[in-house]
Amino acid sequence: MDKTLLKVLGFLILTIAVYNWIGYAITDLSGGEKDASAAVEITPEGGEALYWGKGRCYTCHSLGGQGSAVRGPNHGQFGEKFPEPMGARAVERAKVRSEKTGNTYTAVDYLVESMAEPGAYVVDGYKNEMAVVYAPPISLNLKEIKAIISYMMVQGGDLDMEAIDTAPSEVSAKFYSKIQAAQAAGGGDPGAGEVVFEDNCSECHSLEGETVIGPDLSNVGSEGLKFISVNVLNPAKTIAKGFETHTLVTNDGTKHIGLKTRDEGGEVDITKATGDVETVAKSDIKSLEVDANASIMPEDLSEAMTVKDFADLQAYLIMQKRAEEKGE
């Protein structure tokens, strides 16, 4: 019996050893996490550590003959499909982006855009499925993203650290702002936040400098993330001047609640949260009062959104700043 137990125990140990060996072998074949804990500097070496580590780029991409992932394009020189490595390839892609957008793109701009908006340019034969790397679960910060870009540029390209870091072009600076907004909002995706805004906020708020039922939000990003968060979660906390909620009661007891959007002649208009307008003759008004503790903005708005939706919306709104606020 003892011999039988020893044989079983030996078999289990051998099985575990083989399982671990296979796991390490697969990790090594796909590129593996070389040094995920390395100190990050905005250098090709720092980018390399992130590419094969925290950034987990190797799970979808290979670099020449290094790695075995094929879900995304190979970032090195590899066969007929990729005759040039990424740095050189980015130069040609920049020309394509310049023609399509009407803006002048550099190789660095193309790489920055590919990190900030992965779906802007999708390589033929591949799906638009690259993860948003500055959002969870990867959550790369701006410094880390710059490091990876520098690593990509040395793959057959000319490294320009000023263009990557200290003196980015207008195109790159715009995408950097998007990434920073996402980080400020806890990893939200501004692109997805725009969709959340359209679905939940656009009927009442404008981003074009015009008021609808609610205040214009074209400069709300200048108020800061806390202001945005509080006012979404508690709409009555801070009510913009001119958007106070009024309660109008007519002589027959009918109650109308909303914004007082017109008061002239012998009439008053009350615009409700639905957008419907009630016009009441002043002679029919029994009382008209401001409710300082109420807002026509739905108080349960946050309940209609997921945690991700809320983070995405905050990331989108924090970017809404007028040109003078951005220093343009």
Inset, instruction - Please go through the range 54-106 and pick out each residue that is in a helix (DSSP H, G or I), crowded, with 17+ Cβ neighbours inside 10 Å and without any contact (Cβ under 8 Å) to a residue 40 or more places away in the chain. - result: Y58, R93, A94, R97
Inset, instruction - Filter the range 202-258 down to residues that are within 13 Å of A292 (Cα to Cα), assigned to a loop (DSSP other than H, G, I, E, B) and of a type in the set (V, I, T), then give me how many there are. - result: 2
Legend entry - Residue satisfying condition, being closer than 30 Å to E117 by Cα and surrounded by fewer than 19 Cβ atoms within 10 Å (Cβ to Cβ), within set F243, F310, F227: F227
Inset, instruction - Determine, yes or no, whether A315 is at pLDDT 85 or above and of a type in the set (A, V, I, L, M, F, W, C). - result: yes
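Table: residues versus (1) among the β-branched types (V, I, T); (2) under 16 Å from G188 (Cβ atoms).
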{"site": "T238", "(1), (2)": "yes, no"}
{"site": "D252", "(1), (2)": "no, no"}
{"site": "I285", "(1), (2)": "yes, no"}
{"site": "A315", "(1), (2)": "no, yes"}
Inset, instruction - May I ask you to verify whether V277 is β-branched (V, I, T) and within 18 Å of the chain's Cα centre (by Cα)? - result: no
Legend entry - Residue list for the range 156-189, restricted to those being over 17 Å from E117 (Cα atoms) and charged (D, E, K, R): D158, D160, E162, D165
Inset, instruction - Examine the range 192-199 for a residue that is of a type in the set (G, A, S) and surrounded by 18 or more Cβ atoms within 10 Å (Cβ to Cβ), and state whether such a residue exists. - result: yes
Inset, instruction - Sort out which residues of the range 297-311 are at pLDDT 70 or above and not in a helix (DSSP H, G or I), and write them in order of number. - result: M297, P298, M305, T306
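Okay, residues lined up against (1) surrounded by 19 or more Cβ atoms within 10 Å (Cβ to Cβ); (2) within 24 Å of G221 (Cα to Cα):
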| position | (1), (2) |
| --- | --- |
| P136 | no, yes |
| S150 | yes, no |
| M153 | yes, no |
| G156 | no, no |
| L159 | no, no |
| P168 | yes, yes |
| V171 | yes, yes |
| A184 | no, yes |
Legend entry - Single residue of G102, G64, G72 found to be farther than 15 Å from I149 by Cα and in contact with a strand residue (DSSP E or B) (Cβ under 6 Å, 6 or more places away or on another chain): G64
Legend entry - Which listed residue is under 25 Å from P136 (Cβ atoms) and not in a helix (DSSP H, G or I), from Q320, Q314: Q320
Legend entry - Residues within the range 121-139 that are under 19 Å from A88 (Cα atoms) and either touching a residue at least 12 places away in the same chain (Cβ under 8 Å) or of a type outside the set (D, E) (or both), tallied: 3
Inset, instruction - Could you list all residues from the range 259-279 that are part of a loop (DSSP other than H, G, I, E, B), in contact (Cβ under 8 Å) with a residue 40 or more places away in the chain and surrounded by 12 or more Cβ atoms within 10 Å (Cβ to Cβ)? - result: A273
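The values are calculated or read from the model by the stated rules, or taken from the named source; none is laboratory data. Remember, predicted model here, so these are calculated numbers, not experimental data. With ideal geometry, Cβ positions are generated from the backbone for all residues, glycine too; neighbour counts draw on all protein chains shown.
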